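Read the figures in this text as sums done on the coordinates, not as results from a lab. Since the model is a prediction, treat every value here as computed from it, not as a measurement. Here the Cβ is made from the backbone with ideal geometry for all residues, glycine too, and neighbour counts use every protein chain on show.
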């Protein structure tokens with residue numbers, strides 16, 4: 001279960017690290033948040049693994065999520081769904097999402 005403070009920080013364009021109970025860690029950019037904090041709320045996290053784009057959809061209230069770390073958040077994003085990042089290279093993605101910490 002994710003804390004309400006961290007849940008408020010998770011928004012489109014944020015770079016997050018999701019720790020699962022199975023021991024695996026998935027780090028990527030949040031490209032979508034759906035349904036707020038309802039029971040069926042989800043977040044879609046996208047990363048590039050071995051030059052292949054991988055997306056995982058995590059239910060926010062899932063018991064399999066141990067914790068979520070927000071590594072960086074964007075200064076300003078004008079869209080709630082960042083599906084256009086699927087067609088961009090890693091360099092262009094970094095240019096589009098200039099973050100406060102610039103750790104992307």
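Odds and ends about this structure:
- Descending semi-axes in whole angstrom, ellipsoid equivalent of segment 4-96, from the Cα gyration tensor: 21, 16, 12
- Contact order normalised by residue count of segment 26-74, Cα under 8 Å, 6+ apart, percent: 28 percent
- Taking all Cα pairs closer than 8 Å and separated by 6 or more residues, the relative contact order of the chain comes to 31 percent.
- Where a label projected 7 Å from the Cα of residue 24 along Cα→Cβ would reach, residues of segment 35-51 with amide N under 20 Å: 42-51
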